[in-house]
Amino acid sequence: MKKLTIFLFAVTITSSTAFAQSNMGISGTINWEAMYLNSEISLDLVSAGIRLPAGRTQGESLLSAGYLGLIMPGVLELQVDSSSTIADLIDRREFSLLEAEAIALGASKTAPALSSDMRNMFSSYTISLANISSALLGRSRPVPFVRILNPVSAVRYTGIVIIAADSLPVHGMRGTAMAVPCLFPKIWDSEMNLIYEKNMLQSRDTAMVRYSTIQNIFQNNPSGLSKELQDVVGERPLRIFARGVFGINPTDLIIDRSDALLILSSEDNQRLLSQGRVAVILDESALKYELNK
């Protein structure tokens with residue numbers, strides 16, 4: 001169905017935009033560690049028949065007009081959770097195409113510039129993945145944490161770091177897989193009790209998790225964490241090794257039941273989940289990839 005969504009979007013492009021796109025290209029990266037989708041839109045001025053300097057305004061207009069059609073496939077394919085992309089949400093009418101377009105049009109951008117040989121015009125756009133998360137969370141209501149019958153004694157932590165940088169067993173299957181990022185990963189314990197999901201967040205403006213690389217938890221300072229991670233999980237986080245992955249795509253993490261109890265036995269530690277003070281450590285190769293052309 002998501003292919004249908006992308007097709008329906010494509011056929012809504014106006015004739016002027018379609019003309020612009022025939023002379024345009026896109027390059028871009030989704031960076032889950034920095035939480036942005038960055039793209040550069042370029043226009044071939046020669047093939048578009050635009051001569052400078054008189055045609056500069058026309059070139060800028062075409063560049064702007066072609067942006068939406070070029071960036072939207074990347075937005076629609078963004079992984080929301082283990083089973084859904086934004087296109088899937090639109091197909092199920094849980095999100096609208098107009099809302100997705102509004103996210104794309106809200107990107108921060110640079111002024112159009114010319115290549116050194118004056119043959120191409122380009123502009124860069126940055127979409128915050130945190131803003132996409134907020135837009136999707138706005139439709140949900142916070143839910144309380146599950147009460148446990150036999151709490152354990154737990155230290156008060158400043159955050160939670162889940163290390164899942166290696167290939168892990170896939171729940172319900174014989175194989176292993178590398179965990180991959182998404183906007184709303186779930187966390188399960190080894191008894192398959194749900195520990196953390198998006199509706200447990202108190203603030204709709206908070207990213208559910210922040211992703212990082214293994215080197216950022218082995219820094220030469222008292223906490224061992226990079227400054228960026230300290231800003232999320234503080235200086236004394238609970239460090240957990242993931243025991244497995246789960247989901248249609250391996251975005252959801254499984255942690256040991258004993259680690260889950262350290263979180264759930266304390267209201268202060270539960271609050272770390274509701275405040276999004278969670279970092280997930282993944283293999284560097286999973287955190288950045290090029291947009292599909």
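The values are calculated or read from the model by the stated rules, or taken from the named source; none is laboratory data. Keep in mind that what you see is a predicted model, and the values were worked out from it rather than measured. Cβ atoms come from the backbone with ideal geometry, glycine included; neighbour counts cover every protein chain shown.
Quick check on region 44-51. Is at least one of its residues surrounded by 14 or more Cβ atoms within 10 Å (Cβ to Cβ), modelled with pLDDT under 85 and within 21 Å of the chain's Cα centre (by Cα)? Let's see the steps before the verdict.
Applying the first criterion (surrounded by 14 or more Cβ atoms within 10 Å (Cβ to Cβ)) to region 44-51 yields 44-45, 48, 50.
Cutting the leftovers down to modelled with pLDDT under 85 gives us 48, 50.
Pick out the ones that are also within 21 Å of the chain's Cα centre (by Cα) and you get none.
No, region 44-51 contains no residue that is surrounded by 14 or more Cβ atoms within 10 Å (Cβ to Cβ), modelled with pLDDT under 85 and within 21 Å of the chain's Cα centre (by Cα).
For E284, work out the one condition from (1) without any contact (Cβ under 8 Å) to a residue 60 or more places away in the chain; (2) in contact with a Ser or Thr (Cβ under 6 Å, 6 or more places away or on another chain); (3) not aliphatic (A, V, I, L, M) it doesn't fulfil.
(1)
Condition check ((1) small (G, A, S); (2) in contact (Cβ under 8 Å) with a residue 60 or more places away in the chain; (3) out of contact with any Gly (no Cβ under 6 Å at 6 or more places or on another chain)) across all residues:
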{"position": "A54", "(1), (2), (3)": "yes, no, yes"}
{"position": "L63", "(1), (2), (3)": "no, yes, yes"}
{"position": "V75", "(1), (2), (3)": "no, no, yes"}
{"position": "D81", "(1), (2), (3)": "no, yes, yes"}
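So the check is Cβ under 8 Å with 6+ separation or different chains; which pairs have a first residue in region 212-229 that's at negative phi and a second one that's among the hydroxyl-bearing types (S, T, Y) and modelled with pLDDT of 95 or more?
Taking only residues 6 or more apart or on different chains, the pairs are S226/S212; E228/S212; L229/S212.
Give me a count of the residues in region 203-254 that are farther than 12 Å from P185 by Cβ and hydrophobic (A, V, I, L, M, F, W, C). Lay out the reasoning, then the answer.
Kept after step one, since they are farther than 12 Å from P185 by Cβ, are these residues of region 203-254: 203-206, 212-241, 243-244, 248.
Filter once more, keeping what is hydrophobic (A, V, I, L, M, F, W, C): 214, 217-218, 225, 229, 232-233, 238, 240-241, 248.
So the count comes out to 11.
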